[in-house]
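Q: Just dropping this structure here.
The values are calculated or read from the model by the stated rules, or taken from the named source; none is laboratory data. For clarity, every value in this text was computed on a predicted model and none was experimentally measured. Methodologically, a virtual Cβ is constructed for each residue, glycine included, from the backbone with ideal geometry; neighbour enumeration extends over all protein chains shown. Accessible surface is based on the protein model in full, side chains and every heavy atom, while ligands, DNA and RNA are left aside. Shrake-Rupley method; radii C 1.70, N 1.55, O 1.52, S 1.80 Å.
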Amino acid sequence: MADLAELVDQIAKDMATTPERGRVADYIPELAKVSPAHFGLVAITADGQEVAAGDADLPFSIQSVSKLFALVEALGRNADAVWARVGREPSGSAFNSIVQLEAEGGRPRNPFINAGAIAVTDLVAAGDDPRAGVGAILRLVRRLAGDDGISVDGAVAYSEAATGHRNAALAHFMKAHGVITGSVDATLSTYFHQCAIAMSCRQLARAGRFLMHGGIDPASGEAIVSPERARRINALMLTCGHYDASGEFAFRVGLPAKSGVGGGILAIAPGRACIAVWSPGLSAQGNSLLGTAALERLAGAMGWNVFNPDG
Ligand code: DON
């Protein structure tokens, strides 16, 4: 098997000089300012080895990767009542699709498309002022990453709030159907702030470790979620974590993973490794182009794949 440190280093070097890098998201104006030249990669193995390369310690906007942490928080508070609001099916549609939500009576397909994530965040925001909901999600990621320095990028949150008309449309539509119960404005504010959490690949990889260990945070030994819930979250990440490119990602990489339009991806090889990658240029479906390529190469060389007999 390949030497992990050498491999991670080589992948980061190759990605740094790859000319075709995808397009940086520009529908959130603040994200359009980020250089597509960045590339960071961190892999943490089940035995605790941590390997980093490139811009591994530079914080970026985690965007939709935050939907994973909001889901963990909502499940912790509401358990299976979450599934009364959102489904567990891949959408086959764009992450911000409106048409499917209307066709299906306001019930989002899954917790990772925007509509589903907003419905999940409404459970976390539930009657609180927006700061309390964001505070809970931030506390969770700080605890998981073991780093109190993680914070919300206020400029990104403001930029998204000022331009987030599609998300407002989704939220109002769900409110009309009773899928959102709190104030639409408070829920959207919580959602925009959670998406604007800034983390480095190192912080993100550490925050995902519990999902490779059946729900146990290896740093504290605490159960963040039950083994069954960890398996189910991984199943959702595999089937829905990359929106209408989830099948393609499973085909190429074969790992549960969640992407964000900031260019980050958190991938889990259960029992094996937890990997965070960042490259801001995106594919047409809004997932990191080089991040996906890097994971395909790393997971392929290491044999990390949920469909491998021993992967
Ligand atoms: O709501 C939005 O559009 C963004 N805050 C998050 C979308 C996102 O990250 C999609 N992922 N690839």
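Q: Of the numbered conditions (1) not in a loop (DSSP other than H, G, I, E, B); (2) not assigned by TED's automatic domain parsing to the domain that holds A257, R206 fails exactly one; give the number of that condition.
A: Result: R206 passes all but (2).
Q: Does at least one position in the stretch 124-138 carry a residue that is modelled with pLDDT of 95 or more, open to solvent by 10 Å² or more (accessible area, probe 1.4 Å) and more than 18 Å from the chain's Cα centre (by Cα)?
A: Scanning the stretch 124-138 turns up no residue that is modelled with pLDDT of 95 or more, open to solvent by 10 Å² or more (accessible area, probe 1.4 Å) and more than 18 Å from the chain's Cα centre (by Cα).
Q: Oh, and also: Which one is nearest to R142 (Cα to Cα) among residues in the stretch 181-205 that are more than 15 Å from the ligand (Cβ to nearest atom) and of a type outside the set (S, T, Y)?
A: Q203
Q: Further, regarding this structure: Would you please name the residue that is farthest from the ligand (Cβ to nearest atom), looking only at residues in the stretch 232-268 that are among the basic types (K, R) and closer than 18 Å to K67 by Cβ?
A: Checking each candidate, the answer is R232.
Q: Does the stretch 155-186 hold any residues that are open to solvent by less than 50 Å² (accessible area, probe 1.4 Å) and under 16 Å from F95 (Cα atoms), and which are they?
A: Passing the criteria: E160, G164, N167, A168, A169, L170, A171, M174.
Q: So, one more: Out of the residues in the stretch 4-25 meeting the condition of being part of a loop (DSSP other than H, G, I, E, B) and at pLDDT 95 or above, tell me which one is nearest to the ligand (Cβ to nearest atom).
A: The qualifying residue nearest to the ligand (Cβ to nearest atom) is A25.
Q: Go through A52, A56 for me and flag whichever is in contact (Cβ under 8 Å) with a residue 60 or more places away in the chain, closer than 30 Å to D14 by Cβ, small (G, A, S) and assigned to a loop (DSSP other than H, G, I, E, B).
A: After ruling out the rest, the residue left standing is A56.
Q: Continuing with this model, one more query. All but one of (1) at pLDDT below 95; (2) more than 16 Å from the ligand (Cβ to nearest atom); (3) of a type outside the set (S, T, Y) hold for I150; state the number of the condition that does not hold.
A: (1)
Q: Among the residues of the stretch 263-270, is there at least one that is surrounded by fewer than 24 Cβ atoms within 10 Å (Cβ to Cβ), part of a loop (DSSP other than H, G, I, E, B) and assigned by TED's automatic domain parsing to the domain that holds Q49?
A: yes
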